[in-house]
Amino acid sequence: MSSRRTGLLLAVAAGACVPGRPAQAQGDPYARARSAMVDLIERRGVTDSATLAALRSVPRHEFVPPEQRRGAYGDFPLPIGYGQTISQPYIVGYMTEIIRPRPGLKVLEVGTGSGYQAAILAAAGSEVYTVEIFEPLATAASARLARLGHARVTVRHGDGHFGWAEHAPFDAVIVTAAAGYIPPALVEQLRPGGRMIIPVGTVQGVQYLILVEKDRGGDVTTRTLIPVRFVPMLEGLR
Amino acid sequence: MLAVSAGTLAYEVLLVRLFAIEQFHHFAYLAVGVAMLGVGASGTIFTLARARRALDPDRWLAGATQATAFALLVTPLAADLVTVDPTRLGWDAGQWLHLGLLQAVLAVPFALGGLTTLAALAGATDRPGLVYGASFAGAGLGAVAGVAVLGVLAPPRALALPALLAALGGWCVAPRAATALLLAGAAAGAARPPWRLDLLPYKGLAQVRAFPGSRVVAERSSPTGWVVAVEAPAFRFAPGLSLAYRGVFPPQRALFVDGELAGAVSQWSAESRALLDWQPAALPYAFGRRRRVLVLGAAGGHEVANALAHGATDVTAVTLQSAVAALAGVPDREVLGGEPAGRARWLVGDARSAVARTREGYDLITLGPLAGGAPGASAVAVGEDFHHTVEAYRLYLARLGTGGVLAITDWLAVPPRGEVRTILTAGAALRFHAGEHAARGLIVVRSWGTVTTLVKPDGFRPAEVDRIVAWAAERRFDVDWRPGLPAPVTRFNFLERPVPFEAARAAVGGSGEARRFAAAYPFDVQPATDARPYPHAFIGRRTIAMLAERGRGEWLPFAEWGYVAVLATLVQSVVLAAVLLLLPAVLAGGHGREGRARLLAYFGAIGFGYLFAEIAAIQQLTLLLGHPVYAVAGVLAALLVGSGAGSAWSDRLAPARAAAATLGLALGCGALAAGLLPLVHATQDWGLVVRGVTALAVLVPFAAGMGLPFALGLRRLAAGNDARIAWAWAANGFASVVAAPLAALIALEAGSEVLFLGAGAAYAVAGAVSARPS
């Protein structure tokens, strides 16, 4: 076999091995902004290569309303309707890294929102089951994820308090909607050795990320991480 | 003019309530600042207008009266168009513009009201005291009316009252047809208000309302709070619930006061009641029988249910809101397993007075994570809360029977701060009661999201400690501190640093060790006192510098942004006031430089003195009267009516008496600094009416004296010169605008007693200035 043909075959093989990478439009006008966003997230301490690769590959601007696209790659949350937001990119990166995404990881997400977090997890190779309590958001996210080629994401409209027993147990649970408690069902559906990350408490708009870990014996411990804001945003001067 | 002043003051009082509902309570004091901004700006407008041509005071009076009524109708609509996100003030410059614009919009009715008074003064230069007195008296009545209307109408409808009052003022001085139109507009506003309550989306009510299937099932308004009950299938309330709990949740209704979550009303069943034993609040029942239980800051009946489920036979729940008591009711004792002989009752009133009046010895006094003061109803600063001061904890401990326990649960914060302050405050109160035995009287237990501090003056017995440790382990809660613990032991819920252990060790180690710990901690966690009742404020000058070193957008969640909001308003107020009040006066020119400086100094100083004393009195009398709204209305009414009387009487005094009046006020402020808070403590257990009369008896004579300096100063230093009158007005307005947020910061940093001393110093400066010969 000629070296040129070998090189071609290797390139094809390499492309086939990249997990869950949906097709991207030629000449992506947001590529530079996306790269700058990820560079910022990396400087702020997110170093997991799978997470960073996923952040670089997923077009965040596809997950925000058209009128918000100009700010799609800024490090701040944006409104997506129904009083909800797409999370600040750094927080998405932070939470994803905590989950340790990898091919074959089975993840439950509570709070689909725009579907961006689910897309990030899927781009990193995980199998994602995501629940959204607002039906219009669930429907829109499902269509968006399908259009962008994220086949490893299954969206359901429902109350995340009950988890998703039919597909349990999960290697990881990621909750992106602020809660005042940790739902027992989510702890139950976490596989031994698994991790859950959830924002809890809500005092004047501030919550705290809690990492819940279940060891091999099924015992659960928690670790309080950082303060965050999972809240809707004002739309400015009206 | 009396009616116009009543209208604008009623609007100011209503703004305090509206800010507390729509925003967080940090902005409630903004109402005072925008009122002063508007009043001060009226002087500038008056000066500029008179500089152009001679004015007819009667025409100005008529026009300004009607304009005020019209502005009171449309300003709420204009304000609805301007949104401010105070949590972004630290990193979004655009929010400063929004804040400034909002202040300018809200100041308009006050500016027009001020013009009304100026026009009246211009038409009666020989009797400024009578005119000013009428303005004061009307304002005092407006303060009372602004509070009273909330007992009848919900806040949006109540906004019609100020316009109605101002329009009535036009009946005597303005064309009747136009006045009738304004009155009709006000009546229409009360019937179908075009204004809406626009809550920040961060507030709990806004978020739960967004849940699918949510619906408002009850809504009640009173001067002390706007209570809303919401049913939403996705809402669940269980602070710190154990991760080991595998049972069911009861259906729950969320209760909100002024838009913030105050608790939940649960429909308990025999199955779901098990949840109560898996929350940190059940800890006190794990190691002893608690028959007589006092629940402070109760909302929703959750703690009442908790007590009944654990065998309490006499449960008293105290709440400020009668609507909360009515909506929560008493949980089904049979379902909860409570003894038939037991009783549970609600007591509506402020917790401090309730505890001061009772002579019972309780087995348990409990405060939950939502038991802070009056949610969203702070009148003057960053959340006064008299439930969590050293004096409060001492009082609670004094009301415990033999073997009784005080239990306080806080949300866990990152970095820990509120829970640290609770531990240190508990330690201070425990040392007062137990002396050298305090080391045996403190236990701290932490879940994944809450910290519960137990205080037992009699000391925890070893068997009790063992039961607590076993109970906590079963629920995967960590015992951060127990008597004799040599090192932190964390098994279930890990923190970056064992701060609760360190704080508890310092708290029982003596006052010196506790002080050193607080001084070294990155945040302000020293115990709150009644003179400085800010248990939820952790930012001070030294913390700001530390936070500023962090990256933009990263430090904001730490920032306890209330302090930032107060600072922002101070800066904004200085700029706005300088532009609106001082600069036009400078450009308009006028009399000589030395005379102008003396005028500015005198009227500026009395402006600072008046506002400082007013805000210090409001803060201390919040403790006496039980709620900031009563304190705001009561203090404003007393000060304004008293000042009005004093101002009217000043026409009989020689202008040279200004120096004596101001120096007398300086001494009076000193007396209040030393004596008002002790008086509040001494009368804490009296009935509300008697306490109110006591407050009036102290304030009104002092307020009469406070009404003298402005009128006397006008006659001594302005001598009927219109330009000088406007200068005096502008200087006084500037000082008053700046004084409101500045007073909030002084109170935060140093307390209300120091604020009174600041008022005294300001009056002393005015006295020195006016004592110089002309």
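The values are calculated or read from the model by the stated rules, or taken from the named source; none is laboratory data. Every value quoted in this text rests on a predicted model; they were computed, and no experiment measured them. With ideal geometry, Cβ positions are generated from the backbone for all residues, glycine too; neighbour counts draw on all protein chains shown.
Within the bounds of the stretch B:332-341, is there any residue that is small (Gly, Ala, Ser) and touching a strand residue (DSSP E or B) at 6+ places or on another chain (Cβ under 7 Å)?
No: the stretch B:332-341 contains no residue that is small (Gly, Ala, Ser) and touching a strand residue (DSSP E or B) at 6+ places or on another chain (Cβ under 7 Å).
Conditions: (1) within 13 Å of chain B (Cβ to nearest Cβ); (2) more than 18 Å from the chain's Cα centre (by Cα); (3) part of a helix (DSSP H, G or I). A:Thr222 meets all but one. Number of the miss?
That leaves (3) as the condition not met.
If the Cβ limit is 8 Å and pairs must be 6+ apart or interchain, which residue in the stretch B:423-435 that is farther than 13 Å from B:Asp458 by Cα pairs with which residue that is among the polar types (S, T, N, Q)?
B:Ile423/B:Thr453; B:Leu424/B:Gln526; B:Thr425/B:Thr389; B:Ala426/B:Thr453; B:Ala428/B:Ser511
Going by the structure shown, is A:Thr85 buried (at least 19 other Cβ atoms within 10 Å of the Cβ), among the hydroxyl-bearing types (Ser, Thr, Tyr) and away from chain B (no Cβ under 14 Å)?
Spelling it out, it is not the case that A:Thr85 is buried (at least 19 other Cβ atoms within 10 Å of the Cβ), among the hydroxyl-bearing types (Ser, Thr, Tyr) and away from chain B (no Cβ under 14 Å).
Among the residues of the stretch B:234-258 satisfying the criterion of being part of a loop (DSSP other than H, G, I, E, B) and more than 11 Å from every other protein chain (Cβ to nearest Cβ), which is farthest from A:Lys214 (Cα to Cα)?
So the residue we want is B:Asp258.
Taking into account only those residues within the stretch B:301-359 that are part of a strand (DSSP E or B) and not β-branched (Val, Ile, Thr), which is modelled with the lowest pLDDT?
The residue in question is B:Arg343.
Filter the stretch B:646-658 down to the residues that are surrounded by fewer than 20 Cβ atoms within 10 Å (Cβ to Cβ) and in a helix (DSSP H, G or I) and list them by number.
If the condition is that a residue be surrounded by fewer than 20 Cβ atoms within 10 Å (Cβ to Cβ) and in a helix (DSSP H, G or I), then B:Trp649, B:Pro655, B:Ala656, B:Arg657 are the ones that fit.
Under 7 Å by Cβ, and 6 or more places apart or on different chains, what pairs join a residue from the stretch B:676-692 that is surrounded by fewer than 15 Cβ atoms within 10 Å (Cβ to Cβ) with one that is hydroxyl-bearing (Ser, Thr, Tyr)?
If the second residue must be hydroxyl-bearing (Ser, Thr, Tyr), no pairs are left.
Can you pull out every residue in the stretch B:498-521 that is within 14 Å of chain A (Cβ to nearest Cβ) and in contact (Cβ under 8 Å) with a residue 60 or more places away in the chain?
B:Val499, B:Pro500
Any idea which of B:Asp458, B:Asp466, B:Asp480 is of a type in the set (Asp, Glu) and part of a loop (DSSP other than H, G, I, E, B)?
One residue alone meets the criteria, B:Asp458.
In the stretch A:137-190, which residue that is touching a residue at least 40 places away in the same chain (Cβ under 8 Å) and in a strand (DSSP E or B) is farthest from B:Trp278 (Cα to Cα)?
Filtering first and then ranking leaves A:Val155.
Given the condition more than 20 Å from B:Glu749 (Cβ to Cβ), under 33 Å from the mean Cα position of the chain (by Cα) and hydroxyl-bearing (Ser, Thr, Tyr), answer yes or no: does some residue in the stretch B:504-518 qualify?
yes
Name the residues in the stretch B:436-485 that are surrounded by fewer than 21 Cβ atoms within 10 Å (Cβ to Cβ), in contact (Cβ under 8 Å) with a residue 60 or more places away in the chain and within 14 Å of another protein chain (Cβ to nearest Cβ), would you?
Selection gives B:Glu474, B:Arg476.
Out of B:Ala229, B:Ala282, I need the residue that is under 33 Å from the mean Cα position of the chain (by Cα) and either at positive phi or in contact (Cβ under 8 Å) with a residue 60 or more places away in the chain (or both). Which one?
Just one listed residue meets the conditions, B:Ala229.
Cβ-Cβ below 8 Å, separation at least six or inter-chain, first residue in the stretch B:141-161 and within 13 Å of B:Trp226 (Cβ to Cβ), second surrounded by fewer than 20 Cβ atoms within 10 Å (Cβ to Cβ) and among the acidic types (Asp, Glu): which pairs?
Short answer, once both residue conditions are applied: B:Ala154/B:Glu219.
Consider B:Val217 carefully, then state whether it is surrounded by fewer than 16 Cβ atoms within 10 Å (Cβ to Cβ) and within 29 Å of B:Phe256 (Cα to Cα).
Yes; evaluated as a whole, the condition is true for this residue.
Test A:Arg69 against the stated conditions and say whether it is more than 13 Å from chain B (Cβ to nearest Cβ), surrounded by fewer than 19 Cβ atoms within 10 Å (Cβ to Cβ) and within 26 Å of B:Ala210 (Cα to Cα).
So A:Arg69 fits the description; yes.
When the residues of the stretch B:718-774 are narrowed to those that are modelled with pLDDT of 85 or more and of a type in the set (Asp, Glu), which ends up surrounded by the fewest Cβ atoms within 10 Å (Cβ to Cβ)?
Here the residue is B:Glu749.
Might you check whether a residue that is within 14 Å of another protein chain (Cβ to nearest Cβ), under 31 Å from the mean Cα position of the chain (by Cα) and touching a residue at least 40 places away in the same chain (Cβ under 8 Å) occurs anywhere in the stretch B:186-198?
Checked against the condition, which is being within 14 Å of another protein chain (Cβ to nearest Cβ), under 31 Å from the mean Cα position of the chain (by Cα) and touching a residue at least 40 places away in the same chain (Cβ under 8 Å), the stretch B:186-198 yields at least one hit.
Name the residue that is surrounded by the most Cβ atoms within 10 Å (Cβ to Cβ), counting only residues in the stretch A:9-50 that are among the acidic types (Asp, Glu) and modelled with pLDDT of 90 or more.
The qualifying residue surrounded by the most Cβ atoms within 10 Å (Cβ to Cβ) is A:Asp48.
Tally the residues that are of a type in the set (A, V, I, L, M) and surrounded by fewer than 24 Cβ atoms within 10 Å (Cβ to Cβ), restricting the search to the stretch B:701-717.
Looking only at that region, the number is 2.
Considering each of B:Arg253, B:Arg290, B:Arg246 in turn, give the residue that is basic (Lys, Arg), surrounded by 19 or more Cβ atoms within 10 Å (Cβ to Cβ) and in contact with a Pro (Cβ under 8 Å, 6 or more places away or on another chain).
After ruling out the rest, the residue left standing is B:Arg290.
Which one of these does A:Gly125 not meet: (1) touching a residue at least 40 places away in the same chain (Cβ under 8 Å); (2) surrounded by fewer than 20 Cβ atoms within 10 Å (Cβ to Cβ); (3) at negative phi?
(3)
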